[in-house]
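Asks: Quick one: the structure is below, questions incoming.
The values are calculated or read from the model by the stated rules, or taken from the named source; none is laboratory data. Computed from a predicted model, the values in this text were never measured in an experiment. Note that we place each Cβ from the backbone using ideal geometry, even for glycine, and neighbour counts take in every protein chain shown. Just the protein is used for accessible areas: all its heavy atoms, side chains included, with ligands, DNA and RNA removed. Shrake-Rupley method; radii C 1.70, N 1.55, O 1.52, S 1.80 Å.
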Amino acid sequence: MAGGERIFVQAIRRYCASRDIAVDVRAGGWLIAMSRGGTRRFAFGYDIGLNSAIAHRLANDKSATAEVLALAGVPCIPHRLFLNPKLGRDVVGAAWREAMLGLLHGNPEGVVLKPNEGTSGRSVFKVTTEAELDQAAGEVFSMSTGLVVSPYVAIEDEVRAILLDDVPLVVYSKQRGPDWRHNLDAGARPVLLGDGEVRDACAKLAIAAANAIGIRFASIDVVRVDGAWRVLEINSGVMMEALAKLHPDLVQATYDAALDRVFGEERREH
Ligand SMILES: Nc1ncnc2c1ncn2[C@@H]1O[C@H](COP(=O)(O)OP(=O)(O)O)[C@@H](O)[C@H]1O
Ligand SMILES: [Mg+2]
């Protein structure tokens with residue numbers, strides 16, 4: 001990564017250094033092996049290895065997340081999946097474009113197209129016309145196997161809750177920059193929420209979402225639309241690079257707490 005080692009890697013190094021855990025950083029920091037005694041644990045990307053494989057897969061897939069949340073009765077923004085036509089007609093069928101156009105025409109405010117497996121706000125397009133839809137679909141399909149379409153919603157507030165086993169460790173509001181999207185990479189600023197109604201409502205919804213997909217350590221984005229909170233997405237990798245610039249101790253404490261579970265459980269199991 002340009003500009004030095006990620007905060008995530010630094011936090012793991014700090015945690016391990018003070019606990020006699022050996023750290024081996026490979027693949028430019030993307031893969032980290034943590035070893036103590038006879039056991040080795042891995043961190044990969046922004047994933048510290050606490051979540052089950054199925055929880056991780058559901059979270060990583062925006063359409064699966066929305067389906068599971070709907071099944072569980074947790075309010076969320078719908079995300080309808082369209083597979084890349086390059087996978088072939090047998091897999092995708094011929095009517096995908098008509099179905100997309102149906103969604104466009106059913107949502108006069110427009111629809112949002114983005115890769116099913118998110119990429120920090122990249123390739124997220126708001127479209128209101130057929131020409132824009134075709135162009136956006138072309139761009140997303142040029143780099144993704146799956147595309148999701150959601151109704152465009154006017155987001156009044158977007159909040160991220162970082163949960164560890166049902167406890168909200170960090171809850172912040174994303175103050176949008178010049179862009180309509182709330183990604184921190186696109187210039188949004190994290191502002192921590194103090195105790196109060198908004199924090200409680202967001203934490204409660206995030207916990208319901210985490211329980212629905214069975215995830216332990218996650219960052220969950222919720223949005224307020226027409227005064228009501230709904231889940232937008234769940235990330236099973238917990239990225240706190242931007243937050244660490246403002247609140248480094250909180251970020252370290254959050255990763256420490258999660259890593260304590262990784263290594264604490266190891267002691268119980270063996
Ligand atoms: N349906 C939508 N309506 C309005 N804004 C949206 C919608 N979907 C996404 N956004 C905005 O775009 C940003 C990125 O979308 P998101 O689903 O979080 O994808 P990514 O995984 O790329 O971050 C969100 O933070 C939100 O502000
Ligand atoms: Mg996002």
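Asks: To the nearest 10 degrees, how steep is helix 130-141 against the longest Cα principal axis of the chain, on a 0 to 90 scale?
Replies: The two axes meet at around 30 degrees.
Asks: Any chance you could tell me what percent of the C-alpha pair distances in the range 7-50 go past 16 Å?
Replies: Details: 247 of 946 pairs.
Pairs farther apart than 16 Å: 26 percent.
Asks: Taking LYS245 as the anchor, which lysines have their alpha carbon closer than 16 Å to its alpha carbon, excluding any fewer than eight residues away along the same chain?
Replies: Leaving aside lysines fewer than 8 places away in the same chain, those within reach of LYS245 are LYS174.
Asks: Checking a compactness column here: for the range 40-126, what do you get for Rg(Cα) / (2.2 N^0.38 Å), N being the number of residues? If you can, show how the numbers build up before the last one.
Replies: On the way: Rg = 15.8 Å, N = 87, 2.2 N^0.38 = 12.0 Å.
After normalising by residue count via 2.2 N^0.38 Å, the value is 1.31.
Asks: For the range 80-151, with every protein chain kept in place, what is the accessible area per residue (1.4 Å probe, Å²)?
Replies: On a per-residue basis, 52 Å².
Asks: Compute the long axis of helix 248-269 from its Cα atoms, compare it with the longest principal axis of the Cα atoms of the chain, and write down the angle in degrees, 0 to 90, nearest 10.
Replies: Long axis of 248-269 versus the principal axis of the chain: about 70 degrees.
Asks: Can you give the FRET efficiency to the nearest 0.05 for ALA95 and VAL167, using r as the Cβ-Cβ distance and R₀ = 35 Å? List each step's numbers first, then the result.
Replies: Details: r = 45 Å, r/R0 = 1.29.
Result of the calculation: an efficiency of 0.20.
Asks: Okay, moving on. So if I take the alpha carbon set of the range 80-151, get Rg, then get Rh from the Kirkwood formula, what is the Rg over Rh ratio?
Replies: Taking Rh as the inverse mean 1/r over Cα pairs, Rg/Rh reads 0.93.
Asks: Also, quick follow-up: Rank-order 18-24, 156-162 by packing density, defined as the average count of other C-beta atoms within 10 Å over each peptide's residues, highest first. Numbers along the way, then the final one.
Replies: Details: 18-24: 12.6, 156-162: 21.3.
Going from most to least packed, we get 156-162, 18-24.
Asks: Moving on. Could I have the simple spin-label model distance between SER52 and GLU156, label points 7 Å from Cα toward Cβ, reported in nm to one decimal?
Replies: Between SER52 and GLU156, the simple spin-label model gives 3.6 nm.
Asks: Related question: For the chain, calculate the relative contact order in percent as a whole number, restricting contacts to Cα pairs under 8 Å that are 6 or more residues apart. Write down the numbers at each step before the final one.
Replies: Details: 462 pairs, mean separation 54.7, N = 270.
Once normalised by length, the contact order is 20 percent.
Asks: Let me ask something additional. How compact is the chain by the rule of thumb for globular proteins, expressed as Cα Rg over 2.2 N^0.38 Å? Could you put the intermediate results ahead of the total?
Replies: Details: Rg = 19.5 Å, N = 270, 2.2 N^0.38 = 18.5 Å.
My calculation over the Cα atoms of the chain gives 1.06.
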